[in-house]
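Heads up: the structure comes next, in structure tokens.
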């Protein structure tokens, strides 16, 4: 698989942990992920203020329709989100990050050496090691990634 999603709890927050390879997510995996998040939104009675999204990617990213379905329609541009990736130097990938920011002003992009800053943006200080462990579990069902092994936290 080229993408995985796991939803975990951290204190009073729910965290959607995404792991992407270099490949963009295929439609069937994306649809399954959207269904999981839709069910979570129902569980939260429509209030997504306690939801956070942490994306670790080797460059795979949703297409324009997938981004719109997630950030505009489902999450209404209200969810704090962070992507950690090695490909921000790529103009095209930086353009995707900018497009996501337009759909969700609470979105930020970080390099692998900035995981602590990404977690701070998501109000997840102190949860880094646990979240990395959860992402390693996701890795078991996803093709090997380069970015995840590069991650570490300051504490």
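The values are calculated or read from the model by the stated rules, or taken from the named source; none is laboratory data. Just so we're clear, the structure is a prediction, and the values are computed from it rather than from any experiment. Please note: Cβ atoms are built from the backbone with ideal geometry, for glycine as well, and neighbour counts cover all protein chains shown.
Out of the residues in the range 60-85 that are touching a helix residue (DSSP H, G or I) at 6+ places or on another chain (Cβ under 6 Å) and within 17 Å of residue 113 (Cβ to Cβ), state the one that is surrounded by the fewest Cβ atoms within 10 Å (Cβ to Cβ).
82
Restricting to the range 2-23, give me the number of residues that are surrounded by fewer than 18 Cβ atoms within 10 Å (Cβ to Cβ), in contact with a strand residue (DSSP E or B) (Cβ under 9 Å, 6 or more places away or on another chain) and not in a strand (DSSP E or B).
Within the range 2-23, residues that are surrounded by fewer than 18 Cβ atoms within 10 Å (Cβ to Cβ), in contact with a strand residue (DSSP E or B) (Cβ under 9 Å, 6 or more places away or on another chain) and not in a strand (DSSP E or B) number 3.
For residues that are in contact with a strand residue (DSSP E or B) (Cβ under 7 Å, 6 or more places away or on another chain), in a loop (DSSP other than H, G, I, E, B) and closer than 22 Å to residue 107 by Cα, tally how many sit in the range 122-144.
4
Which members of the range 35-59 meet the condition of being closer than 18 Å to residue 108 by Cβ, in a helix (DSSP H, G or I) and touching a helix residue (DSSP H, G or I) at 6+ places or on another chain (Cβ under 8 Å)?
48 - this is the single residue of the range 35-59 that is closer than 18 Å to residue 108 by Cβ, in a helix (DSSP H, G or I) and touching a helix residue (DSSP H, G or I) at 6+ places or on another chain (Cβ under 8 Å).
Got a sec? Which of 99, 69 is modelled with pLDDT under 80 and either in a helix (DSSP H, G or I) or closer than 24 Å to residue 40 by Cβ (or both)?
99
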